[in-house]
1. Of B:LEU113, B:ALA169, A:PRO69, which is farthest on the positive side of the dipole of the protein assembly as shown, counting Cα position, with +1 on Lys and Arg Cβ, -1 on Asp and Glu Cβ, and the Cα centre as origin?
2. Of the peptides B:92-105, B:30-43, how do they stack up when ordered by the mean number of other Cβ atoms within 10 Å, highest first?
3. Could you tell me how many degrees, from 0 to 90 and to the nearest 10, lie between the Cα long axis of helix B:303-317 and the main elongation axis, the longest principal axis, of the Cα atoms of chain B?
4. State to the nearest 20 debye the size of the charge dipole of segment A:33-120 about its Cα centre, where the only charges are +1 on K and R beta carbons and -1 on D and E beta carbons.
5. Multiplying the sequence separation of B:GLU388 and B:ASN476 by 0.36 nm and subtracting their Cα-Cα distance, what value in nm do you get?
6. Based on Cα positions only, what radius of gyration and what Dmax would you give for segment B:290-397, in angstroms?
7. Can you give the mean number of other chain Cβ atoms that lie within 10 Å of the Cβ atoms in peptide B:293-303?
8. What average number of partner chain Cβ atoms lie no more than 10 Å from the Cβ of the residues making up A:82-95?
Amino acid sequence: MRVAGLVAAAAALLSPAVFGADAASTAGAGAGAGAGEAVYQRWCSHCHSAGRGNPGTDSLRVKYADRIPAVLLDRTDLNAAAVATFVRQGVQSMPPFRKTEITDAELAALAAYVAKNGPR
Amino acid sequence: MPTPPNVSTAAFNTALSAWRQTVGADWVFTKDEDIALYRDAYSPYWDEPEERLASAAVAPASVEEVQAVVRVANQHRIPLYAISTGRNLAYGGSAPVYSGSVVLDLKRMNRVLDVSARNAYALVEPGVSYFDLYNHITKAGLDVWIDPPDPGWGSVIGNALDGGGGWTAYPFRDHFGAHCGMEVVLANGEVVRTGMGALPNSPSWQHNRWGYGPWVDGLFRQGNMGIVTKMGFYLMPRPEAFQTSTIQASREEDIVPLLDTLNLLENQIVVNGSTGLFGGPRGPNAPAGAPAWTMQAPIYGPEKVVRAKMEHVRDLFMKIPGVRFTEGELFRTPLDAATLNRVRKVSFGVPDLSTFGMLGRSAANPNAPGGHIGFSPILPRTGEALLEFTRFYAENLATVSEGGALRFVGPVYMTNWERSLVALIMFPIGRDKAMNAKMRNAFTRWVELAAAKGWAEYRAPAIFQDVVADTYSFNNHALTRLRETIKDAVDPNGILSPGRYGVWPKHLRKG
């Protein structure tokens, strides 16, 4: 039963030894320090990194069924405008981010950083 | 641009102009796309007329700026709704309780003012998140832990003021209970410091929470009597070790001695970690030998003490016939990175956001609508009460869930607070208005049914704060009336967070 499964999932989250070893992350390697990376680390990395316990990554893996990378920084299909739209409008469980959290200037740097491998 | 209720456009424009002078034009938000950022992403009324919406937002960076903003609001009788990090998702997010309020966004007040490892406390501003405080402590190399709640981006102050809890040791995981001293801006713009902070130049503001005379800090918990701009918190010196145990019992009625034993161990502060409790009545198809109840009883402390306590805990639980007791792995802190990645981080004082995997889209729940709200009544910490609740839930589930059409998540039994249980039931919320309406109806029905049994919530989503407040009705709502009397005295124009947790100013009260 679906509800029972969800309760089990909830119970598992409350269990202290549920998470397996983290997968090695290649995300961000060699990206170089910068304003966009700093914003990413502060606001995005907690959900969108590789490894378990990253609900953004888990959600995107289900959404795209591995047709495209689930880890945000591994994506090559994102442009800066799309990143900015998601940040300001939110999507699924992710709420929008206010300008007191990510200013317009920070958003521009973040969007450029996340979309660095995307179409020009 | 909308205007606040009962405020003229001219008066609002005058106030906005004054606020721009105070905080800078960049930090007064009046454009529709900026105000939209303050919507509650998990609102059960999303895109419906009843959705609670702001008229504007103002973001001061200092207590002096908060004072100036509040004075202008008071002069023009403009309702303000204070948020700290604005991440109170499932309880209203960054949206006001009273539509048309101006959100007072305190996120820019993000300074960690003091952390003492020697006396194990912190003093922070409202915009400081659990991530921020953790990073500050880590960078400074201080040997103290924070107590994170599930989402690490929440405000240390905001979570405490909303009645939130965390996952490490007693007494730190009751966040309001672990606070020590406040600074508060009142509706007239005056600044008050509580406890020892009322003594000019006191060196003991975060050393003694009571100070002298009647203690008023409780007025600001789930309250709207003032705007908290600083708050002290006790921190836990890093414990040398952590070990949990798993206790399983096969019969439903075993929950009575299980909880009695746990209570004794907790009330003697032998078990000091946040206990996990899972299970309930087993259906007819349950596998033979499957446990009815699984409990986890964690202990923090010096390794020798943890091991000695664990032996005692085992001895006590093993007195219950049929109980299985399994010691968990003993962890020595600080954990290395590999170990941290296989444990539940918040149990080790490390904030994260993994909780969003529980109700967000995931492999286990691919069609999750994204948001949720929680119904969480307080129960006595007895097995009899828990069994009564499980029967109550089972008896009413089919009706409230419309024959199973509505999928609730839970109940999850939380023991974050000493002496009681909280039975958490979560309701998925998304963008489907018809489904949201059904979930709202179900929520209200659970509140009513539970109240008839003498159970009510510890905390509620913004749109249900009146409904829940109404259940605390002893002696013709005497407690609500007392709060209203105080509200009228300290905020006579009713400008601070009208309606928060069911406390309305005089001019907005119904009936």
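Taken together, the values in this text are just the output of simple stated rules run on the coordinates, not laboratory data. Since the structure is predicted, the reported quantities are computational estimates derived from the model, not experimental observations. Reconstructed Cβ throughout: ideal geometry from the backbone, glycine too, with neighbour counts over all protein chains shown.
1. So the residue furthest toward the plus end is A:PRO69.
2. B:92-105, B:30-43
3. The answer is roughly 70 degrees.
4. The dipole of segment A:33-120 has a size of about 120 debye.
5. Gain in length upon complete extension: 29.0 nm.
6. Computed over the Cα atoms of segment B:290-397, radius of gyration and Dmax are 18.4, 48 Å.
7. The per-residue average across the peptide is 1.
8. Values: counts 0, 0, 0, 0, 0, 1, 4, 4, 4, 2, 10, 17, 5, 13.
Partner Cβ neighbours, averaged per residue: 4.
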